[in-house]
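Asks: Pasting in a structure now, in structure tokens, and then I'll have a few things to ask.
The values are calculated or read from the model by the stated rules, or taken from the named source; none is laboratory data. Bear in mind the structure is a predicted one, so any value in this text is a computation, not a measurement. Cβ sites come from the backbone with ideal geometry, for glycine too, and all protein chains shown count toward neighbours.
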Protein chains: 2
Amino acid sequence: MEEAAVHAERDDIDEKVIARLVDDARTTYADIGDELGLSAPAVKRRVDRLREVGVIRGFTAVVDLDVLGWRTEVFVEIYCAGKISSDDILSTLERHPEIADLCTVVGEPDAIVRLLAADTQHLEAALERIRSEPLVLRTRSTVVLSRLLERPRA
Amino acid sequence: MEEAAVHAERDDIDEKVIARLVDDARTTYADIGDELGLSAPAVKRRVDRLREVGVIRGFTAVVDLDVLGWRTEVFVEIYCAGKISSDDILSTLERHPEIADLCTVVGEPDAIVRLLAADTQHLEAALERIRSEPLVLRTRSTVVLSRLLERPRA
DNA sequence: GGTGAAAACGAAAGCTC
DNA sequence: GAGCTTTCGTTTTCACC
């Protein structure tokens, strides 16, 4: 029941602290505290604990890939040959820098990958590189037209 | 050619500043400056400009959904009836809080959605709610086993 | 969880190349 | 235009209650 223990350690105030940091990772502890009726050190202690426990994994900048010039985004379903472990999938695919997301799935494919590339030429090269991996049997790609909604946490 | 101008305004140093902030949004300007041989105010001016231009859209906390108790993640392909606009898709689907990502695609489905739910019961309810939308003809779901890799920027 | 002081950081000004 | 240094207000952080 150690999982229950982890959950028991979080309360409503933690939820609000998390929500505030998801909204803006640079919010000051004092500002969060004002909204919640806590002092800045009290908020910091909660954030420190949430990071230690692993609820908060880190803080990152949200980059507009379109502005950056990385305009091409594709979902690629990966179909593998025979029985493969997720370790194998990770070790063979993590070398490709165009992969933004990778997860193993239950369903028809073995894994789903989100590919980011500068343009279609770049995309084609990356796809061919991935397809040439011995592990990969075949792929099914779906090109993204536009990203309508993005909510890091629902 | 204003788009080209935007691109011309970014140089190698900007790239490194962005990379550093993607890695940790709470890195101080001084730390970034030390790595790049700049002073803190110089770094701040770059970050301010990158935010104004829109390359950096904001800063967010990365939350471990598994630890939070939202254990169920699914990719859902949405197939719509006839010709629909992306505005229609957004307005009908954005009301469902379980949707974490939504993009229109070119391929067999019309849109791909990433669903987050607390458990399978929650997931089932959300899926039925989405399927009952008049806009939605059919769906194809792929349940995520484990998220192996996550790189906000490649 | 709060308080207060010390250290670190961020914001803005003036100056140099 | 881009950067450096100084200055000052704010934030973080740590002790202790």
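Asks: Taking B:GLY54 as the residue in question, decide whether it is touching a helix residue (DSSP H, G or I) at 6+ places or on another chain (Cβ under 7 Å) and surrounded by fewer than 19 Cβ atoms within 10 Å (Cβ to Cβ). So that I can check it myself, show each step before the final result.
Replies: Numbers: touching a helix residue (DSSP H, G or I) at 6+ places or on another chain (Cβ under 7 Å): yes; surrounded by fewer than 19 Cβ atoms within 10 Å (Cβ to Cβ): yes.
Yes, satisfied.
Asks: Going through the range A:97-108 one residue at a time, which ones are within 13 Å of B:THR142 (Cβ to Cβ) and either within 7 Å of chain B (Cβ to nearest Cβ) or buried (at least 22 other Cβ atoms within 10 Å of the Cβ) (or both)?
Replies: Residues satisfying the conditions are A:CYS103, A:THR104, A:VAL105, A:VAL106, A:GLY107.
Asks: B:GLU94 versus (1) more than 26 Å from B:THR60 (Cα to Cα); (2) at the interface with chain A (Cβ under 7 Å from one of its Cβ atoms): which is the lone unmet condition?
Replies: If we test B:GLU94 against (1) more than 26 Å from B:THR60 (Cα to Cα); (2) at the interface with chain A (Cβ under 7 Å from one of its Cβ atoms), just (1) comes out false.
Asks: Against the condition touching a strand residue (DSSP E or B) at 6+ places or on another chain (Cβ under 6 Å) and modelled with pLDDT under 95, how does A:GLU98 come out, does it pass?
Replies: Here the answer is yes, as A:GLU98 does meet what is asked.
Asks: So which of B:ARG114, B:ARG95, B:ARG140 is outside the structural domain of B:ASP23 (by the TED database), within 24 Å of A:LEU115 (Cα to Cα) and under 18 Å from the mean Cα position of the chain (by Cα)? Steps first, please.
Replies: Numbers: B:ARG95 fails: within 24 Å of A:LEU115 (Cα to Cα); B:ARG140 fails: under 18 Å from the mean Cα position of the chain (by Cα).
Residue meeting the stated conditions: B:ARG114.
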